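These notes concern the structure reproduced below.
The values are calculated or read from the model by the stated rules, or taken from the named source; none is laboratory data. Everything numeric here is computed off the predicted structure, so don't read it as measured data. Cβ: placed from backbone, ideal geometry, glycine included. Neighbour counts: every protein chain shown. Please note that ligands, DNA and RNA were not included when accessible areas were found on the heavy atoms of the full protein model with its side chains. Shrake-Rupley method; radii C 1.70, N 1.55, O 1.52, S 1.80 Å.
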Amino acid sequence: MENPIKGRVWIFGADIDTDVIIPGKYLRTKDMQVFASHAMEGIDPEFAKNVKAGDIIVAGNNFGCGSSREQAPLALKYAGVACVVAKSFARIFFRNAINVGLPLMEADVECQEGDEIEVDLLNGEVSVQDKGTFEGNKLPDFLLEILTDGGLVAHRKKLQSQEMKKEN
Amino acid sequence: MGTISEKIFSRAAGTEAKANDFVLADVDYAMAHDGTSVLAVNAFKEMEVEKVWDPERIVIPFDHIAPANNETAASLQHEIRDWIKEQQIPNFYEVGEGICHQVLPENGFALPGKLVVGADSHSCTYGAFGAFATGVGATDMAEIFATGKLWFRVPESIRMTVEGELGEGVYAKDLTLYLIGKTGIAGATYKAVEFYGPAISRLSVSGRMTLCNMAIEMGAKSGIVPPDGKTFEFLKNREAEPFDPVYADPAAEYAQEVCYDAGDIEPQLACPHQVDNVKPVGELEGTHVDQVFIGTCTNGRLEDLEVAAGILKGKKVAVRTIVIPASRSTLLAAIENGTMQTLLKAGVTLSTPGCGPCLGAHQGVLGEGEVCVSTANRNFRGRMGKGGFIYLASPATAAASALSGEITDPRKV
């Protein structure tokens, strides 16, 4: 995991739900590019076309509310979103993002669409050019470790191989 | 000294757990359906773990796109069936058995005091039986498949009391929508809600399932009704294993205590496009309706179909009306007691027990600009089809609206 994460901002409001992040009709596939090509379609049909690798989403409260679909953080990740910063997250989206290796942070950040910002996950801070530094909620160390490993699958594999080494 | 959640997590984690503690807990039952099991099984395979932790504790119903609507869905379901056989998971429920949140309670997996985790956000339904039940995503489910354990932050709890009695024509769904309107879509985020009071005690098991089903729509991690005689009566001869009911201690600490009066509640609807956009039916009467949908894990049970049949008996629906029983046993019971005949004679369309059009994949999605009165639990933009408008309501309001083709107060029919 890269840290800090520098990128250009996309602004979204409060209560962005999983039905707008990735509508239900696109879920039945394992092709990540399908999810990516419809990311945020319900609220901004042009988003998937215009988002650039490394961009950062900054949103209001309750980001990712609604269903448990892991395709929501996957859609954002494979569309190129490097990190999501929101005032708060719906809890299942929060878990899913960490599990699929999409960095995120709870923070109330003052910035505008197109601003360049820097998210420092290890220190729980977000810096906005000309506007200063905003303190966020630093993730607990065990979640940072899952993110650093690249998500829960990679983390589980690491733990398994450590256990096997111990047994040998 | 704890809330129901603190006590269940203390048992499941084998350590005294207080609100906001991070714990690693043993999961009693794990559920994934045809939708979420695809990514969960994928992640499980990538983890390179050979066998699931305990095949008897995994439950997989096929309900979301059941029967499959195209080759892709069919092939993905085929893969999951193969994996289920390979892992020797006995609790597999095929297409047509019903919606996961109906199938688990009917088969005794939703039990007081248990920790039940589902790869579906409405898994909080099982709180109606005094379980701590919550939803997770696919990779978390893979982790449970592999280890039987998952990390949790023990939630703070809200104590929500409902005094009084619901009036005539006012149902559990109206109460539920009212409480969501009061709490807000994120009002209970990260928290568990414990429900108390005479209006809750009076609810049938079916009504409590409606209530707990929608706890997530106020952001809650879990909604829990303390088990009582009605709970135990329902569970008799169904329970998958012995259980110990868990109740809050008198000195339990709550993040918030709120109290409402059921007598204040009229039939309610959640208006497009957010579940907490709740209004009493009086403010919406006359709104044009294109489709009515009665079913889902929120309101597809026998009691719900009976209420709808009571309103539609001897009459004809004015707009297309889709009825989907929550399970095969619901459908059978509705056939046996004549409810289904009444509904079909009134002109409704019947589909396979399962999720139907709720998630916008098949069996009755909306066209651009169309309006649906639905007994489901979500009305987000685009959920049942791009450009559709969804009003969430009780089966009574839905049936009354089906008769007139516009939003109608069921007390006036």
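If only residues of the range A:81-94 that are open to solvent by 20 Å² or more (accessible area, probe 1.4 Å) and part of a loop (DSSP other than H, G, I, E, B) are counted, the one that is farthest from the other protein chains (Cβ to nearest Cβ) is A:A82.
Looking at A:E110, A:E106, can you tell me which residue is closer than 22 Å to A:G13 by Cα, outside any loop (DSSP other than H, G, I, E, B) and in contact with a strand residue (DSSP E or B) (Cβ under 8 Å, 6 or more places away or on another chain)?
Values: A:E110 fails: outside any loop (DSSP other than H, G, I, E, B).
Exactly one residue qualifies, and that residue is A:E106.
Look through the range B:122-169, keep the residues that are open to solvent by 10 Å² or more (accessible area, probe 1.4 Å) and of a type in the set (A, V, I, L, M), and return whichever of them is nearest to the other protein chains (Cβ to nearest Cβ). Looking at residues that are open to solvent by 10 Å² or more (accessible area, probe 1.4 Å) and of a type in the set (A, V, I, L, M), I get B:A146.
Can you name the residue in the range B:69-96 that is more than 13 Å from chain A (Cβ to nearest Cβ) and touching a residue at least 60 places away in the same chain (Cβ under 8 Å) and, of all such residues, is most open to solvent (accessible area, probe 1.4 Å)? Steps first, answer last, please.
Of the residues in the range B:69-96, the ones more than 13 Å from chain A (Cβ to nearest Cβ) are B:81-96.
Keeping just the survivors that are touching a residue at least 60 places away in the same chain (Cβ under 8 Å) gives B:95-96.
Working: B:V95: 39, B:G96: 8 Å².
By that ranking, first place goes to B:V95.
In the range B:187-200, what count of residues is obtained for those that are open to solvent by 10 Å² or more (accessible area, probe 1.4 Å) and either assigned to a helix (DSSP H, G or I) or at pLDDT 95 or above (or both)? Within the range B:187-200, residues that are open to solvent by 10 Å² or more (accessible area, probe 1.4 Å) and either assigned to a helix (DSSP H, G or I) or at pLDDT 95 or above (or both) number 5.
Determine whether the range A:129-136 contains at least one residue that is part of a loop (DSSP other than H, G, I, E, B) and either closer than 25 Å to B:W151 by Cα or in contact (Cβ under 8 Å) with a residue 40 or more places away in the chain (or both). It would help to see each step written out before you state the result.
Initial filter on the range A:129-136 (part of a loop (DSSP other than H, G, I, E, B)): A:129-131.
In the following step, the residues that additionally are either closer than 25 Å to B:W151 by Cα or in contact (Cβ under 8 Å) with a residue 40 or more places away in the chain (or both) were identified as none.
No.
For B:A66, indicate whether it is assigned to a loop (DSSP other than H, G, I, E, B), within 14 Å of chain A (Cβ to nearest Cβ) and of a type outside the set (S, T, Y). Against the criterion (assigned to a loop (DSSP other than H, G, I, E, B), within 14 Å of chain A (Cβ to nearest Cβ) and of a type outside the set (S, T, Y)), B:A66 qualifies. When each of B:E283, B:E266 is tested for being in contact (Cβ under 8 Å) with a residue 24 or more places away in the chain and either of a type in the set (S, T, N, Q) or more than 17 Å from B:G364 (Cβ to Cβ) (or both), the lone residue that passes is B:E266.
Here's the yes/no breakdown for (1) within 11 Å of chain A (Cβ to nearest Cβ); (2) surrounded by 24 or more Cβ atoms within 10 Å (Cβ to Cβ); (3) free of Cβ contacts under 8 Å to residues at least 40 places away in the same chain; (4) not in a strand (DSSP E or B):
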residue	(1), (2), (3), (4)
B:L366	no, no, no, yes
B:G369	no, no, yes, yes
B:V373	no, yes, no, no
B:A376	no, yes, no, yes
B:K386	yes, no, yes, yes
B:I390	yes, yes, no, no
B:A396	no, yes, no, yes
B:A400	no, yes, no, yes
B:L403	no, no, no, yes
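Checked against (1) of a type in the set (S, T, Y); (2) under 25 Å from A:I92 (Cα atoms); (3) in a strand (DSSP E or B), B:T161 meets all criteria but (2). For the range A:137-168, filtered to residues that are more than 9 Å from chain B (Cβ to nearest Cβ), more than 17 Å from B:A146 (Cβ to Cβ) and of a type in the set (A, V, I, L, M, F, W, C), the residue that is surrounded by the fewest Cβ atoms within 10 Å (Cβ to Cβ) is A:L144.
Note on the range B:177-195: residues that are touching a Cys at 6+ places or on another chain (Cβ under 9 Å) and more than 14 Å from every other protein chain (Cβ to nearest Cβ) total 1. The residues listed here are B:T231, B:T210, B:T189; of these, the one that is more than 29 Å from B:F380 (Cα to Cα) and either touching a residue at least 12 places away in the same chain (Cβ under 8 Å) or in contact with a helix residue (DSSP H, G or I) (Cβ under 9 Å, 6 or more places away or on another chain) (or both) is B:T231. What do you reckon, is B:T296 in contact with a helix residue (DSSP H, G or I) (Cβ under 8 Å, 6 or more places away or on another chain) and closer than 30 Å to B:V317 by Cα? Judged against the criteria, B:T296 is a match. For the range B:45-58, the count of residues that are away from chain A (no Cβ under 11 Å) and at positive phi is zero.
Hey, among A:A97, A:A75, which residue is more than 24 Å from B:G388 (Cβ to Cβ), within 14 Å of chain B (Cβ to nearest Cβ), open to solvent by less than 10 Å² (accessible area, probe 1.4 Å) and not in a loop (DSSP other than H, G, I, E, B)? Don't jump to the end; show me each part of the working.
Values: A:A75 fails: more than 24 Å from B:G388 (Cβ to Cβ).
Going through A:A97, A:A75 in turn, just one is more than 24 Å from B:G388 (Cβ to Cβ), within 14 Å of chain B (Cβ to nearest Cβ), open to solvent by less than 10 Å² (accessible area, probe 1.4 Å) and not in a loop (DSSP other than H, G, I, E, B): A:A97.
The set of residues from the range A:45-70 being open to solvent by 40 Å² or more (accessible area, probe 1.4 Å) and more than 7 Å from chain B (Cβ to nearest Cβ) comprises A:P45, A:E46, A:K49, A:N50, A:K52, A:A53.
Considering only residues that are more than 9 Å from chain B (Cβ to nearest Cβ) and in a loop (DSSP other than H, G, I, E, B), look in the range A:11-30 and name the one that is surrounded by the fewest Cβ atoms within 10 Å (Cβ to Cβ). Write out each step before concluding.
Kept after step one, since they are more than 9 Å from chain B (Cβ to nearest Cβ), are these residues of the range A:11-30: A:11-13, A:16, A:21-22, A:26.
Next, from what is left, pick out any that are in a loop (DSSP other than H, G, I, E, B): A:12-13, A:16, A:22.
Numbers: A:F12: 20, A:G13: 10, A:I16: 28, A:I22: 27.
Across the range A:11-30, the extreme among qualifying residues is A:G13.
Just to verify a result, which residue in the range B:29-56, among those that are in a helix (DSSP H, G or I) and open to solvent by 60 Å² or more (accessible area, probe 1.4 Å), is nearest to B:I324 (Cα to Cα)? Can you show your working first?
Going through the range B:29-56, the residues in a helix (DSSP H, G or I) turn out to be B:37-46, B:55-56.
This time we only want the ones that are open to solvent by 60 Å² or more (accessible area, probe 1.4 Å), so: B:45-46, B:56.
On the way: B:K45: 34, B:E46: 36, B:E56: 29 Å.
The selected residue is B:E56.
Quickly run through the range B:170-182 and pick out the residues that are crowded, with 24+ Cβ neighbours inside 10 Å and part of a helix (DSSP H, G or I). Of everything in the range B:170-182, those that are crowded, with 24+ Cβ neighbours inside 10 Å and part of a helix (DSSP H, G or I) turn out to be B:A172, B:K173, B:D174, B:L175, B:T176, B:L177, B:L179, B:I180.
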